[in-house]
Amino acid sequence: MNPKHPFAAVGAPVERVEDLRLLRGRGKYVDDLHCEGMLHAAILRSPVAHGRIRAIDCAAARAMPGVRGIFTAEDIAQTSKGSIPTIPLRAAPLPELVRFEQPVIAHRKVRYVGEPIALAVADSAALAEDALEAIGLDIEPLPAVAGWRASARNDVLLFEECASNQPITYTASKGDAASVNAAYVRRERLRVQRHTACCMEPRGLLALWDGAQAKLEVSGAAKVPFAVRRALAQCLDLPEDCVDMIEADTGGSFGVRGEFYPEDYLVPFAARKLNRPVKWTEDRRENLLASDHAREVDMEVEIACEKDGTILALRGRAWVDMGAYVRANASVQPCNIAQYLSGPYRVPNIHVQSTMVLTNKTPVGTYRAPGRFEADFFRERLFDMAARDLAIDPVEFRRRNLLCKEEMPYPFATLRPPERKGETDSGDYRIALERCLAEIGWAEKSRLQGRLIEGRYHGLGIGCFIEGGGAGPRENARLVVEPDGSVSVYVGSANLGQGLETVCTQIAAEALALPMERIRVFHGSTAHLKEGFGSFHSRSVVMGGSAILAAAENLRGAIRAAAARRLGCAVSDVVIGEGLSASQAAGGKTLALSESVPQGLSAEGTFASHHHTTAYGAAAAHVAVDARTGRIELLDYVMVEDIGRIINPLTARGQAIGAIVQGLGGTLLENLVYDEEGQLLTASLVDYLLPSATDFPHIRAILLEDSPSPHNPLGAKGGGEGGTVAVGGVVANAVAAALVTLGVEPRELPLAPQRIWHLIDAARR
Amino acid sequence: MKLPAFAYACPETLEEAVALLAAGAGTAKALSGGQSLLPTMAFRLVAPSLLVDLRKLPGLDRISLGEDGVRLGAKVRWRDIERDARLASAHPLLARAVAHVAHYQIRNRGTVGGNLAHADPAAEMPGVAVTCDAELALTGSKGTRVVRAADFFLGPLSTVLADDELIVEVRLPAWPPGRRWGFEEFALRRGDFALAGVAAYYDPDAEGIARNAHIGVIGACHRAHRLARAEAALNGRAADEQAILASAEVAAAEVDPPTDLHASAAYRRALVQTLLERALLRAAS
Ligand SMILES: Cc1cc2nc3c(=O)[nH]c(=O)nc-3n(C[C@H](O)[C@H](O)[C@H](O)COP(=O)(O)OP(=O)(O)OC[C@H]3O[C@@H](n4cnc5c(N)ncnc54)[C@H](O)[C@@H]3O)c2cc1C
């Protein structure tokens, strides 16, 4: 690409093409969709965490006026050859995990509060909810397994036939960590609490069954429409090309929304059974009970270093609370915790084990920076404790161990099973660290460390991080020349609110030398392409964007070939100019696009890569802690991240700020709390505390593009999650630094006022 | 989260409204701002057979100031209080406390009457009413009675209101010039219900001795109430730092706070002490 041509859209801070439509209220979210004869579904969810279903009495509910159908496991088994389909593993499916897949509807047993037991379909959503109240449930309660310790005892089993509540233990290893004999060793037990993405728009589905054609169309797809189609077609025993997943506008995903859930089966099932369109909109309580949870992990972690702070080894053991089942992408978090514990640092010897433990809670999945947020909290906390023990400045400790440019690419620990290797790609990590220190004013402010000023203790924390992105295997794009000379771009990535249309438009405009107004982007629906992979692992720009480049190259080739025929010259003589006009080189005749190509000319492109990108950065926080109340005020937060080539600085910055705020939510506010009976105590937004607009006014995100990725033609790196990665460790380090004179060492998130107050209170006694 | 089915009435007179509630015999509910009632219905925690919308009842949305103090009609909204510039001097404690209530949208709808009737132990208005010895005028089929705020609240979400009674007005006694006061609360986020809060005032005499101390607590209690021992620790003393710290310490021992998800009883106790210290120091300064 030539960055100098007049349509050099890549890198320009253009406003989002989505915004005008959305801000004017013209967005169409799935709940905005209506169609003739549409029915509404509501789901009866288990009120108990663990139990045996003795009977479900639907007679009264079925007899209610306006109720069109009540479906339970029995009805589903009848239609699907006697068995209940399960949610297939999407990411890293291993045979040992298949046994723990979630049935699409509770069958004989319930294993968490919120598990679907029956589906009611009625003329209105209110009537469907009324019907749920009329269903008689007889469940024999079983003891609930509410935490990893109880789970590990295996005396109460979630799956009696499996003899264990631990589906698998992953091991990440490198060098020989066991035999490292270091001058300094510190072992700590740390914990990250259960929390999750709470998308502003809850999930929703509208399923349409066309009985005559035996075709199913499902609106409300997000994230991975093609994978969900595959799973759904399989479960419903339909050919894949008889199912279309359609994306509407989407109010957030963050990894949580768009995976295959029980409802993704139940709602289409009902539509087919009743031969009527069926809509379901998740309400907020369901959203907190039924959408994937994330992040809950206890870890014992040990650092071994030289007296000068040079790290020799990291050893550890993590217990990841998976909830009741192993859902579609649940392996990502435990794997990432183990493999990426070392982050951006030089760690020659690693041995980390990460065990999945089942409990009677909502199943977990990926949430922005899965496993990395947790691992970074553990690592950066431990680094600060080690640095203090060794009387080394925490910044110096990091400088000493941070990877250098010359060491790139640097290998991570190898994960098993199955064997997964990985390495960093490119970059000079110190640049980001030094910039971050300069931006927050570390040198001047470090004299505030631990000082009590006007009743509050001040502290500064620092941490470095990496962010993985750009997962393969490939992505596809198709470009179509429209009669008006514009080009339609179809891409397999999904828009989740992250500005995909804008960046894809920029990439296509530049590659085709067209103004942005002449590009229209279509995404996220299985009807557009034969195959697509979707949006996760910060891959949409890296993979989808690169696929658009490939398709653009092919389109230019096709235009050249067509023009050569018209012009009667060799293809190599044709030059493509502005507006995709074609001319014979050396001042020959010029053909406008419409003259050179047949209508509807299209070209496809694929970008394949198994190399992940590694964005990297550093973050710093300045906090003031009121020791009387435990309240932490964030006075300043700075993140500096190098994300390779930046397509749009505005959207990239928006992503970074949003990612930081979500990290702050997980660090200071959000907590999915269960009681001993496995009841979720935070099932509304009164108790599940999300950050709001006034909570964190002092956030800065600075994005660098010093180190383009060597692995894709754009040079881009995944950049949507990095902001989240470092927050827990950095803010906890700042709080620890503030309260150093009180001897307070936070080992667990969230840093809620009550927790901080109790830590101070305990330290005083 | 769809509302269960219910009948709806929108009477134009107080008598009519009361008659509808009486006929409902406990299954009818008044609808004011709807900011507490409708969510509880959406959660299907309550399912009234009839909602009696107070929207058209005349005369209940006035804030009147007089010799005897401030009168707030039951339909006065948080927004009305916030916008009434007279209250800054006529009742500064009320104005300050109400500034902590909820968020923009809720403040535009939530009402004084609905809030008092809902009787959340962490709500600010009951705290102000109890601390200031307010009176509530209640109208039912048998006529109107006046109840002291201190006697109105029985416990969390529980009051002496009969099924057919409506709050029509709350009367806050006149606020003398020279009164020293403070209001402090601790909530996890701006606009959230307080984990603990205190309202406090006293009237210093010519020698600067604190008289007529009134100290009320919200959040760290089962219903808003005054702290008699903490008041006694302040009354008759110069309101210096020593007296203030002593009163706050007594308050921490005097409250009987609940434990919940967000705050243990011990933490709430400590909050009461800190907040009262801060409120009284502010009052004294
Ligand atoms: C997210 C959120 C945060 C909030 N935060 C706070 C907060 O920080 N502090 C706070 O104090 N409040 C808070 N509230 C509550 C809010 O301020 C309203 O005051 C409260 O919901 C009740 O007022 P309403 O007019 O909406 O009453 P409604 O919801 O209409 O009614 C509540 C109850 O009172 C009864 N009722 C209504 N009017 C009368 C009357 N005149 N006589 C007798 N009974 C009556 C109803 O039948 C019902 O039982 C919050 C609410 C929400 C949703």
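Ordering B:THR274, A:THR694 by accessible surface, largest first, gives A:THR694, B:THR274; the 1.4 Å probe counts only protein heavy atoms, with every chain in place. For the stretch B:89-129 versus the stretch B:135-207, the spacing of their alpha-carbon centroids is 9 Å. Overall, the accessible surface of the stretch A:113-213 at a probe of 1.4 angstrom is composed of carbon and sulfur to the extent of 51 percent. For B:ALA30, the residues whose amide H sits under 5 Å from its own are B:VAL52, ignoring neighbours fewer than 5 places away on the same chain, with H placed 1.01 Å from N. For A:GLU595 and B:ARG79, the FRET efficiency from 1/(1 + (r/R0)^6), where r spans their Cβ atoms and R0 equals 60 Å, is about 0.40.
For the stretch B:30-63, heavy-atom accessible area (probe 1.4 Å) falls by no less than 30 Å² from the chain alone to the full protein assembly at B:PHE43, B:ARG44. Put simply, chains B and A cover up around 2300 Å² of each other's accessible surface, both sides summed, when a 1.4 Å probe is used. In the stretch B:238-269, burial by the other protein chains removes 40 Å² or more of accessible area from B:LEU261, B:HIS262, B:TYR267, compared with the chain on its own (1.4 Å probe, ligands and nucleic acids ignored).
Near A:LYS174, which lysines are there with a Cα under 25 Å away, not counting those fewer than 8 places off in the same chain? Cross-link targets: A:LYS307, A:LYS405, A:LYS421. The heavy atoms of A:PHE100 present about 0 square angstrom of accessible area, all protein chains included, probe 1.4 Å. Scan around A:TYR410 for amide H atoms under 5 Å from its own, H built in the peptide plane at 1.01 Å from N, and keep only partners 5 or more places away or cross-chain. Here the answer is A:THR424, since their amide H atoms fall under 5 Å of that of A:TYR410. Ranked by solvent-accessible area (1.4 Å probe, protein heavy atoms only, all chains present), the residues A:MET543, A:MET38 order from largest to smallest as A:MET38, A:MET543. When the pairs A:LYS215/B:LYS2; A:LYS223/A:LYS273; A:LYS361/B:LYS2 are compared against a 29 Å limit on Cα-Cα distance, A:LYS215/B:LYS2 fall above it. Per-residue surface analysis assigns B:LEU281 an accessible area of about 70 Å², computed on protein heavy atoms at 1.4 Å probe radius.
Each residue of the stretch A:93-99 is assigned a 3J(HN,Hα), and the resulting list reads x, 10, x, 5, 8, 4, 4 Hz, derived from the Karplus form 6.51 cos²θ - 1.76 cosθ + 1.60 (θ = phi - 60°), x at Gly and Pro.
Karplus-derived 3J(HN,Hα) values for the stretch A:331-348, using 6.51 cos²θ - 1.76 cosθ + 1.60 with θ = phi - 60°, are 6, 4, 4, x, 5, 5, 4, 6, 6, 9, 4, 6, x, x, 10, 7, 10, x Hz; glycine and proline are entered as x. Dividing the mean sequence gap of close Cα pairs (under 8 Å, 6+ apart) by how many residues chain B holds gives a relative contact order of 15 percent. Per residue, the stretch B:7-51 exposes 47 Å² of solvent-accessible protein surface, assessed with a 1.4 angstrom probe and all protein chains in place. Across the protein chains, with a 1.4 Å probe defining accessible surface, the residues B:HIS214, A:HIS611 rank A:HIS611, B:HIS214 from largest area downward.
Computed from Cα atoms, the angle from the helix B:265-284 axis to the main principal axis of chain B rounds to 70 degrees. The portion of the accessible surface of chain B made up by carbon and sulfur, rounded to a whole percent, is 52 (1.4 Å probe; DNA, RNA and ligands excluded). The calculated FRET efficiency for A:ALA561 paired with A:CYS162, based on their beta-carbon distance and R0 = 56 Å, is about 0.40. Each residue of the stretch B:182-198 was assigned a 3J(HN,Hα) from its phi angle through the Karplus expression (A = 6.51, B = -1.76, C = 1.60, θ = phi - 60°), giving x, 9, 9, 9, 10, 10, 6, 9, 4, x, 6, 4, 6, 5, 7, x, 9 Hz with x at Gly and Pro.
Under 5 Å between amide hydrogens, built in the peptide plane, is the criterion, and for A:LEU312 it picks out A:ALA304, A:CYS305, A:GLU306 among residues at least 5 positions away or on other chains. Taking 7 Å steps out from each Cα toward its Cβ at A:ALA77 and A:ALA391 produces label points 7.1 nm apart.
Taking a point 7 Å from the Cα of B:GLU67 along the Cα-to-Cβ direction, the residues of the stretch B:147-182 with backbone N closer than 17 Å to it are B:172-177. In the full protein context, chain A carries 35 Å² of accessible surface per residue, based on a 1.4 Å probe and ignoring ligands, DNA and RNA.
Remark on the stretch A:716-765: accessible area falls by at least 20 square angstrom from chain-alone to full-complex state for A:PRO753, A:GLN754, A:TRP757, A:HIS758, probe 1.4 angstrom.
Mean separation of Cα pairs under 8 Å and 6 or more residues apart, divided by the residue count, gives the stretch B:7-51 a relative contact order of 50 percent.
Taking Cβ atoms as reference points and 15 Å as the exclusive limit, the residues near B:LEU271 contribute a net charge of -4, counting Lys and Arg as +1 and Asp and Glu as -1. Projecting label points 7 angstrom from Cα along Cα→Cβ for B:CYS10 and B:LYS56 puts them 0.7 nm apart. A straight chain from A:ALA92 to A:SER179 at 0.36 nm per residue would run longer than the Cα-Cα distance by 28.2 nm. Using a probe of 1.4 angstrom and keeping all protein chains present, the accessible surface of the stretch B:63-173 works out to 40 square angstrom per residue.
Can you bin chain A into rounded, prolate or oblate? Criterion: square roots of the alpha carbon gyration tensor eigenvalues sorted a ≥ b ≥ c, rounded for a/c under 1.5, prolate for a/b above b/c, oblate for the rest. Taking the square roots of the gyration eigenvalues as a ≥ b ≥ c, chain A is oblate. What's the FRET efficiency of B:ASN212 with B:ASP260 using the Cβ-Cβ distance as r and R₀ = 35 Å, to the nearest 0.05? That pair, B:ASN212 with B:ASP260, gives E of 0.55. For the stretch A:65-92, the residues whose amide N sits under 20 Å from a probe point set 7 Å from the Cα of A:ALA59 along the beta carbon direction are A:65-75. When nucleic acids and ligands are ignored and a 1.4 Å probe is applied, A:ARG645 ends up with an accessible area of around 70 Å².
The values are calculated or read from the model by the stated rules, or taken from the named source; none is laboratory data. Owing to the predicted nature of the structure, the values given are computational and were not obtained by experimental measurement. In this analysis, Cβ positions are derived from the backbone assuming ideal geometry, glycine residues included, and neighbour counts consider all displayed protein chains. These area figures cover heavy atoms from the full protein model, side chains too; ligands, DNA and RNA do not enter into them. Shrake-Rupley method; radii C 1.70, N 1.55, O 1.52, S 1.80 Å.
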